[in-house]
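Take a look at the structure below.
The values are calculated or read from the model by the stated rules, or taken from the named source; none is laboratory data. The model shown is predicted, which means the values in this text are computed figures rather than measured ones. Here the Cβ positions follow ideal geometry from the backbone for every residue, glycine too, while neighbour counts run over all protein chains shown.
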Amino acid sequence: MKNNNRRDFLKTGAMAGVVLLTTSPLGAMAKSCSNSTNEKNDSPSKTKRRTLGTGNNSIEVSALGLGCMGMSYHRSFIPNKKAMMALIHRAVDLDVNLLDTAEAYGPFVNEQLLGEAIEPIRKDVIICTKFGFKEGKPEIGLDSNPKRIRQVVENSLKSLRTDYIDLLYQHRIDPKVPMEDVAGTVKDLIAEGKVKHFGLSERDFNTSKDGLDAIRKAHTIQPVTAIQSEYSVMTRNPENRILSLCEELGIGFVPYSPLSRGLITGYINERTKYNPNNDNRISLPRYEPKNIIANWSIIDVLKEFGDHRGLTVAQVALAWLLAQKPFIVPVVGTTKLAHLSENMWSADYEFTTGELVKLTEDLSKIQIVGERYTTGYPQSPSSK
C-alpha cells in the first residue's frame, strides 16, 4: 500500500470538498438547466440520459442515480434530516432523477425522508423502492407472498407521499414463493396504476442457474425493467452471465455499491471505526483492516489513471462502470454534498478505446481479498 499516495489523495479530496461547499444548496429546489449560465458552467452535464428496459417497459433516467439508504440507515451515523433533504434537492438540481430507497431501510424511515423531500417535485423524479422482508425487517426473514407485496406497496405509497411507484423491486428472491405469484402480483399492481415498472434485486444470479431462470420466468409474466445487484471495480461478478442476459432480454442493470460502500474512494481505511448498531460493513469480510490494506492497490491504479486526467478515484471508478454497457445506471449513495457533485461529474468522462482497455487490464490483474458478504448475508438489504 502506498501511504504517501493515499495521504495525497485524501488531502486533495478534502480541498475539493471545501471549494464545493462554499455554495450552500440548502434552499435549492429542482430547476431547469437553462435557468443559469453560471450553473451550466459549474455543474455536471445535464444531458446525460440512459434507458432502463425496452419498449413500453422502459424508463429514461439520469446516467447515475442517488442511493438514499445511508441518509438514515446502515452507515454508522444518521445525518441531519434537513441536510439530507437539501442533498436530495441538490441532486435534482444536477438533473439526477433516479432516487433509490426501500421499505427495509429503517424500516420505513428512509421512504418517509425521501417522500417528504420530493413531494413538491414528484413529477421530476423516478422513485425506486423494494419489498421482500417480513415487517420490513431483514433479520426476521423473507416474505414475498402476494398479500405482503400489496401491504408493502400501500405502506410505501403512504410513506413516499405519492400515488404510484415508478420502479418496484423484489428486494430478495423468496424461495418459498413461486416467481409466477410475485411477478403476477406486480403485474396486477401495474394494471391498477399503483406501480409502473418491475425489477429484481440481488441474489446469486451469476453462478446459479436457478437465479437466471427466475429472471427469465419473471420476464415472461411481467417484463422486468431493471436488475439491481452489486457491481464495481472490486465486485465484477455480473460480468460472468447477468450482463449478457440483460442485454439479451432488454433489461437495464442498476449497480448498487458502485464505490464499494466508500471503500474504493479512500474515504474509509483500516483505522475506520463502525457503529455496530447501524453499519453492515462491520460484519463484511472485505472491510476487515487486513483486507482493506491488501486491496488498497486497486485505489492506487485508479488514482494513477485519474491524476493524469483531472479525475478523482471515485470518478474514475464510476466512469469505468458506465463505460461497460449503455444500459448500466449505477445508484451512488452519499451523505456529502461535495461527494454528490464529484460523483455526478463522472458521467461526463469518455474513455478512448485504448484507455479503457488498459485500465481494465490493470484492474483485472488485482486479486481482491475478502468476500463481499458473510455466509447467508444476501438476505439482508442491499447497500448503496
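Condition check ((1) in contact with a Cys (Cβ under 6 Å, 6 or more places away or on another chain); (2) buried (at least 21 other Cβ atoms within 10 Å of the Cβ); (3) hydrophobic (A, V, I, L, M, F, W, C)) across all residues:
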residue	(1), (2), (3)
VAL254	no, yes, yes
ASN278	no, no, no
ARG281	no, no, no
LYS290	no, no, no
ALA294	no, no, yes
HIS308	no, no, no
VAL316	no, yes, yes
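Out of the residues in region 156-178 that are of a type outside the set (Asp, Glu) and out of contact with any strand residue (DSSP E or B) (no Cβ under 9 Å at 6 or more places or on another chain), which is modelled with the lowest pLDDT?
So the residue we want is PRO178.
Going residue by residue through region 351-362, is there one that turns out to be modelled with pLDDT of 95 or more, aliphatic (A, V, I, L, M), assigned to a helix (DSSP H, G or I) and within 22 Å of the chain's Cα centre (by Cα)?
Scanning region 351-362 turns up no residue that is modelled with pLDDT of 95 or more, aliphatic (A, V, I, L, M), assigned to a helix (DSSP H, G or I) and within 22 Å of the chain's Cα centre (by Cα).
Can you tell me which residues in region 104-151 are within 20 Å of PRO330 (Cα to Cα) and of a type in the set (D, E, K, R)?
Those that are within 20 Å of PRO330 (Cα to Cα) and of a type in the set (D, E, K, R): GLU111, ASP124, LYS130.
Among the residues that make up region 56-74, is at least one of them in a helix (DSSP H, G or I) and either over 14 Å from the mean Cα position of the chain (by Cα) or at positive phi (or both)?
yes
State whether one or more residues within region 127-135 are buried (at least 21 other Cβ atoms within 10 Å of the Cβ), on the phi > 0 side of the Ramachandran plot and modelled with pLDDT of 95 or more.
yes
Condition (residue is in a helix (DSSP H, G or I), touching a Lys or Arg at 6+ places or on another chain (Cβ under 6 Å), modelled with pLDDT of 95 or more and within 13 Å of CYS68 (Cα to Cα)) applied to region 88-107: is it met by at least one residue?
No, every residue in region 88-107 fails to be in a helix (DSSP H, G or I), touching a Lys or Arg at 6+ places or on another chain (Cβ under 6 Å), modelled with pLDDT of 95 or more and within 13 Å of CYS68 (Cα to Cα).
Which residues, taken from region 95-119, are small (Gly, Ala, Ser) and either without any contact (Cβ under 8 Å) to a residue 24 or more places away in the chain or farther than 20 Å from SER62 by Cα (or both)?
Scanning region 95-119 gives ALA104, GLY106.
Scanning region 96-113 for residues that are more than 19 Å from GLN170 (Cα to Cα) and touching a strand residue (DSSP E or B) at 6+ places or on another chain (Cβ under 6 Å), which turns out surrounded by the fewest Cβ atoms within 10 Å (Cβ to Cβ)?
ASN97
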